[in-house]
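Notes to accompany the following structure.
Rule-based calculations on the coordinates, nothing more; no lab input. All values reported here derive from a predicted model rather than from experimental measurement. Using ideal geometry, Cβ is built from the backbone for each residue, glycine included, and neighbour counts are taken over all protein chains shown.
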Amino acid sequence: MTAPEVSQESEVDFDVIVVGAGVAGCVAAYQLAQQGRSVVLIERGEAPGSKNLSGGVLYCRGMQKVFPDFLQEAPVERRITRNYINFLNEQSSVGIDYKDSRLVEPVNAVTVLRAKLDPWLAEKCEEAGVFIMSSVRVDRVLTEDGPTGKRVVGVQAGDDELRAHVVIAADGVNSFIAQEVGLRTKQPLNHLATGVKCVVNLPKETVEARFNLTGDQGAAFAVVGDCTQGVGGGGFMYTNTDSISVGVVLRLDDLIAKDKVATEVFDHFLSHPFIAPYLEGGEVVEYGCHLVAEGGMAMVGQIAMDGLVVVGDAAGLTLNTGLTVRGMDLAVASAVAAATGIGSALDHKDTSTAGLAGYGEAFFASPAGQDMKTYAKAPGFLEVERMYKDYGELIGNVLYGIFNLDEQPREHLVKVAFKAFKRSPVKIKHLISDGFAGVRAL
Amino acid sequence: MKSLSVPELLAKNRFELDEEESHIEVNQEVVKATGCGRAIVACCPAHVYTQEADGHISVEYAACLECGTCLAVAATGALKWHYPRGGFGIQFREG
């Protein structure tokens, strides 16, 4: 028998310290408090949410399991019933407009504004008994040498030290904690993207008229092509109740390789003749950005060690499949799994890496965790250059050949397509290889 | 909608400026030796960094949106970048 790994009761200030009051941190803190654990949630912003930003779409089924009244109570913006997938070229725009009444009920995805959502989550935490410390930056973790190596025993913030059986690093994509303890190393740039976004206020009625919506229904536009001036990534437009979240996500390796300026690409997207009319007359009320982990499964390394687990963005848990871009739902799933794993570790008085293994097991058994594995090849596929320029132009040119009745005799569609194809840098072998890779990756 | 400059966009935000402490430090030697200055300047969505005529990088830390993109594209050792002290920096109202 090995000695119990939980330090003596008298030595700890809390059972669990959670660093970061985002989606992952709040959900983990809430569930642990509900188990009856003593939990402190430390947030460096003035209040929970004030440092947090997302594109805006939350796939909400997991959240509803944690908070059954989430849709009725939480400050969500709109329920996504319309997904618009758009190839945007310099002169043309080709889109798939997918609306589905089955997405109305049960609700599958909602838009959120994190500075509004996260305070609600934190309030739920407080009601459950979590002690919240805002305006406190954690400077480092406290470690001790244990029987199996370095063991995390707490955190230091300024001159204050807090000790706990387990520390949860929910400190976001830059997780200084995960780096400090060696769970994360510097990521290659093709695994990272920068998201640049603004929120544009418009009257509720205008949002609904422009995006063809009724009531609290919402639209999510995913755009690739000229919108990013050919840089790997894409543009997005999400409807809130009386505003629009609009911006671009740019893969850093490609942004640098193409020698583009992030803000110029952002400006180009917002002023694109196919995008600008949606924003006309609106007023920018906020401008922000967020680093996005796009490496998928390849970025997720070890997620637990003696006395510490990492959750959400801090663990590299984001998933871009090209059509759906997910982060917050993975944050929820990892937080739920972490609360389960930590609960069991505390019960068994073993919060070593082995004792916390229940977290990883629960996460990778969850639907979200399984999706991380399923889409492990998606990031590589999405790095294919043709996705961001050539395919959109090819489709646009085929359609132009069909609809442009220019007093020349018409040709059969096959011939039109063939001619457009010949002019395009896309070759048959690309179609076949990309198609095959796409089927395997997505 | 009128296209806004980055300073105009930033003016829409609320910042709690830490007057006493910058959270960003540039190691000019490393930047010069590695040539990563261009990437740092071009990738930062808040235009925190400017490459001056003599090649050195100046920093306007008050504008920082705390995304961490600069640190990701900088060569190792080129930047010392951590979060501002608790309660300081960008305070999102929308997010």
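By the Cβ distance rule (another cysteine Cβ under 4.7 Å), the unpaired cysteines of chain A are A:Cys26, A:Cys60, A:Cys125, A:Cys198, A:Cys227. Of the residues A:Ser271, A:Thr214, A:Gly234, the one whose Cα sits farthest towards the positive end of the charge dipole of segment A:190-293 is A:Gly234 (charges of +1 on Lys and Arg Cβ, -1 on Asp and Glu Cβ, taken about the Cα centre). In the protein assembly as shown, if the dipole is taken from +1 on Lys/Arg beta carbons and -1 on Asp/Glu beta carbons about the Cα centre, which of B:Ala42, A:Val155, B:Leu65 is farthest to the positive end? It is B:Ala42.
Taking the helices alone, the protein assembly as shown has a mean residue ellipticity at 222 nm of -9000 deg cm²/dmol, built from -39,500 (n - 2.57) per DSSP H run of at least 4 residues and averaged over all its residues. Peptide B:77-85 has a mean of 3 when you count, residue by residue, the C-beta atoms of other protein chains within 10 Å of its C-beta. Test of understanding: in a Gaussian network model of chain A with alpha carbons linked when under 10 Å, which of A:Leu330, A:Leu356, A:Leu394 would top the mean-square fluctuation ranking? Of A:Leu330, A:Leu356, A:Leu394, the Gaussian network model singles out A:Leu394 as fluctuating most. Taking 4.7 Å between beta carbons as the limit, the unpaired Cys residues of chain B are B:Cys36, B:Cys43, B:Cys44, B:Cys64, B:Cys70.
About its Cα centre, the dipole of segment A:190-293 is roughly 220 debye, where the only charges are +1 on Lys and Arg Cβ and -1 on Asp and Glu Cβ.
Per residue of A:164-173, how many C-beta atoms from partner chains lie within 10 Å of its own C-beta, taken as a mean? Display every interim value, and only then the final one.
Working: counts 0, 0, 0, 0, 0, 0, 0, 1, 4, 3.
Whole-number average of other-chain Cβ neighbours for A:164-173 is 1.
Candidates A:Thr143, A:Val166, A:Ser93 compared by Cα position along the dipole of chain A: farthest toward the positive end lies A:Ser93, with charges placed on Cβ.
Within chain A, which complete DSSP H helices have Cα atoms spanning at least 24 Å along the helix axis and a mean Kyte-Doolittle hydropathy of 1.0 or higher?
Span-like helices here: A:328-347.
Placing +1 on each Lys and Arg Cβ and -1 on each Asp and Glu Cβ, with no other charges, gives segment B:1-45 a dipole about its Cα centre of roughly 500 debye. For segment A:257-307, a crude dipole built from +1 on the beta carbon of Lys and Arg and -1 on the beta carbon of Asp and Glu, taken about the Cα centre, is about 200 debye to the nearest 20.
Of A:Lys51/A:Lys197; A:Lys124/B:Lys12; A:Lys260/A:Lys422; A:Lys258/A:Lys389, which sit over 18 Å apart, Cα to Cα? The answer is A:Lys124/B:Lys12; A:Lys260/A:Lys422. Distance between the C-alpha centres of segment A:202-237 and segment B:50-95: 29 Å, rounded to the whole angstrom. For segment A:128-188, the set of trypsin sites (Lys or Arg not before Pro) satisfying both a DSSP loop assignment and a count of at most 13 other C-beta atoms within 10 Å is given as A:Lys186.
Working from Cα pairs under 8 Å separated by at least six residues, relative contact order for chain A is 19 percent.
Peptides A:77-86, A:365-374, A:164-173 ranked from most to least packed by the mean count of surrounding Cβ atoms within 10 Å: A:164-173, A:77-86, A:365-374.
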